[in-house]
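Peer 1: Before we start, here is the structure in question, set down as structure tokens.
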Amino acid sequence: MHDAALNVAATQSLPPSRMRAAWRDLAEGAARYPLWATLAWLDIRQRYRRSAIGPFWITISTGLMILGLGLLYAGLFRQRTDVYLPYLAAGLIVWTLMSALIVDSCGTFIASEGSIKQIRAPLSIYVYRVVWRNLLVFAHYVGIIVPVIAIYGVPVTPASLLIVPAMLVIVLNGLWTALALGLLCARFRDIPQLIVNLVQAIFFLTPILWSSDQLARYHAFATLNPFHHLISIVRAPMLGQAPDPVSWIAALGVTVGGLTGSFVLFARYRGRIAYWV
């Protein structure tokens, strides 16, 4: 009887597993959506607090850049403007979202140092905050792509509905990126600078300004680029086309692998984040 009591006491004294604690953190953080949604909105308001049109400056600047690059590269690549401009616009706004998510992810926990150390709350709320903030900014790009589609007569087909699951894939990738990079950058402060430089290089190595068809026999170079597939599954529906199944497979593979790896990383080092920031 005494031995049984000792066994029960020992079982009860066992701390919850790190994996279980990480799951609970992510679930509780998601449940507090009014908090991280409000924080994300306040971040945007703070960034443009003295601006008359706020984040719509992003729409204007991006629209002008698309117009300028579209006319220039359509001439350089000898492409029809009505084909190249929609292709460029769709690809560039998706890339802008992805690159912003990657760069902002470096400050997921560092930028919230005061809150992490003073407020007892799930750490995942800062992850959701980063992703939601960038999605709010991305919504302003509707003012670019819709006029482009209307002006150049891009067809709206049943394949256009695939933009919904495609955007879900982008969001899931944004979540694991914010989780993994947020943790790594909190521990190693040189990583943010490295990430910024890598993002700039990846932009030119990804079919955004140019098409993978232009690579001819070097087409495999684009196929091995995961950013190409992530952009393609969103860009194709925007242009009324169905994405290549290979792109879907590659994008889902990156998503599952990233979610798994980042969760393991978060479960292992979650307790140290407060000491690293």
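Peer 1: Note down all Cβ pairs under 8 Å where the first residue falls in region 36-62 and is closer than 14 Å to residue 139 by Cα and modelled with pLDDT under 90, the second is surrounded by 14 or more Cβ atoms within 10 Å (Cβ to Cβ) and of a type in the set (Phe, Trp, Tyr), and they're at least six residues apart or on different chains.
Peer 2: 54/48; 55/48; 57/48; 58/141; 59/141; 62/141
Peer 1: Mind telling me which of the residues 143, 182 ends up being touching a residue at least 24 places away in the same chain (Cβ under 8 Å) and either of a type in the set (D, E, K, R) or touching a Phe, Trp or Tyr at 6+ places or on another chain (Cβ under 7 Å) (or both)?
Peer 2: That would be 182, the only listed residue that is touching a residue at least 24 places away in the same chain (Cβ under 8 Å) and either of a type in the set (D, E, K, R) or touching a Phe, Trp or Tyr at 6+ places or on another chain (Cβ under 7 Å) (or both).
Peer 1: Can you name the residue in region 216-251 that is more than 20 Å from the chain's Cα centre (by Cα) and of a type in the set (D, E, K, R) and, of all such residues, is farthest from residue 158 (Cα to Cα)?
Peer 2: If we take residues in region 216-251 being more than 20 Å from the chain's Cα centre (by Cα) and of a type in the set (D, E, K, R), then 217 is farthest from residue 158 (Cα to Cα).
Peer 1: Moving to a separate point now. Scan region 108-122 for residues that are surrounded by fewer than 24 Cβ atoms within 10 Å (Cβ to Cβ) and in contact with a helix residue (DSSP H, G or I) (Cβ under 7 Å, 6 or more places away or on another chain) and report the count.
Peer 2: Number satisfying all stated conditions: 5.
Peer 1: When region 67-107 is examined, which residues are found to be touching a Lys or Arg at 6+ places or on another chain (Cβ under 8 Å) and crowded, with 19+ Cβ neighbours inside 10 Å?
Peer 2: Matches in region 67-107: 87, 90, 91, 94, 104.
Peer 1: Here is a further query. Listed residues 244, 213; which is surrounded by fewer than 17 Cβ atoms within 10 Å (Cβ to Cβ), in contact with a Ser or Thr (Cβ under 9 Å, 6 or more places away or on another chain) and modelled with pLDDT under 95?
Peer 2: Exactly one of 244, 213 is surrounded by fewer than 17 Cβ atoms within 10 Å (Cβ to Cβ), in contact with a Ser or Thr (Cβ under 9 Å, 6 or more places away or on another chain) and modelled with pLDDT under 95, namely 244.
Peer 1: Also, quick follow-up: Can you confirm whether residue 274 is closer than 19 Å to residue 25 by Cα, surrounded by 13 or more Cβ atoms within 10 Å (Cβ to Cβ), at pLDDT below 95 and of a type in the set (A, V, I, L, M)?
Peer 2: So residue 274 passes the test.
Peer 1: Please enumerate the residues belonging to region 139-173 that are under 21 Å from residue 83 (Cβ atoms), under 16 Å from the mean Cα position of the chain (by Cα) and either loosely packed, with under 14 Cβ neighbours inside 10 Å or at pLDDT below 90 (or both).
Peer 2: Scanning region 139-173 gives a single hit, 141.
Peer 1: Would you pick out the residues in region 235-256 that are part of a helix (DSSP H, G or I) and within 17 Å of residue 83 (Cα to Cα)?
Peer 2: 235, 236, 237, 238
Peer 1: Hey, any hits in region 2-20 for a residue that's modelled with pLDDT of 90 or more and among the small types (Gly, Ala, Ser)?
Peer 2: Within region 2-20, not a single residue is modelled with pLDDT of 90 or more and among the small types (Gly, Ala, Ser).
Peer 1: Given (1) surrounded by 12 or more Cβ atoms within 10 Å (Cβ to Cβ); (2) among the hydroxyl-bearing types (Ser, Thr, Tyr); (3) more than 20 Å from residue 167 (Cβ to Cβ), identify the lone condition not met by residue 255.
Peer 2: Here residue 255 clears every test but (3).
The values are calculated or read from the model by the stated rules, or taken from the named source; none is laboratory data. For clarity, every value in this text was computed on a predicted model and none was experimentally measured. Cβ sites come from the backbone with ideal geometry, for glycine too, and all protein chains shown count toward neighbours.
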